[in-house]
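First comes the structure, then the notes that go with it.
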Amino acid sequence: MDRYKKNSLLQALKYSFVFVLIFWTVEGVQYLGLDLSNWGILPRMQAGLIGILTAPFIHGNWEHLMANTLPFFVLCTMLLTFYKRNAIMYLILLWVTTGILTWIIGRPAWHIGASGIIYALASFLVFGGIMSQNVKLILLSVLVAFMYSGLVWGVFPQDEQVSWEGHLSGAISGILWAYLCRKSLRLKSL
């Protein structure tokens, strides 16, 4: 691995680790007794707008956080490594669009956790890779589709404690931004 690629991967790992560290710090604060769930998304209510930005940092419990940690870390690292030039812009677009869609379509309950962003990252990596017409990104999309194919079922209502609306919003956001950015994805060279 040449020095540039190694530095690029290390940068991606570092940024992904910082996000995960924030997730864990926030859960640690909640464990100490401060309930931050009202910083989540409360659909169609003004009080829930802040959650568009903050909800992914807040989790219901340690189990919820642990379920989201590895998929977020892996997918965020993939985005930052393979889409380096525009990765931060894509992450912001996916994050905000997922939050807005959840705010629009969600049930009247607090929606928290990073799983919507996980769905956004996974669907962006799958569809973005295909639309890029770049062999390396197509191979990455196949890998992501294989690793996270089980996510498909999360966009359907199953458990009232799970924000399937957040999952669906993330999946839609990823597909939407892969389509809207397809020309820049095709120009992307690895």
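The values are calculated or read from the model by the stated rules, or taken from the named source; none is laboratory data. Remember, predicted model here, so these are calculated numbers, not experimental data. Cβ placement follows ideal geometry from the backbone for every residue including glycine, while neighbour counts extend to all protein chains displayed.
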Check on residue 153, over 20 Å from residue 178 (Cβ atoms), buried (at least 21 other Cβ atoms within 10 Å of the Cβ) and of a type outside the set (Lys, Arg): no
Residue set 65, 53; condition of a type in the set (A, V, I, L, M, F, W, C) and closer than 20 Å to residue 148 by Cα; output residue 65
Inset, instruction - With the condition kept exactly as written, say whether any residue in region 50-63 is in contact with a Leu (Cβ under 6 Å, 6 or more places away or on another chain), touching a residue at least 12 places away in the same chain (Cβ under 8 Å) and not basic (Lys, Arg). - result: yes
Filtering region 1-36 for residues that are assigned to a helix (DSSP H, G or I), among the small types (Gly, Ala, Ser) and modelled with pLDDT of 95 or more leaves a count of 3
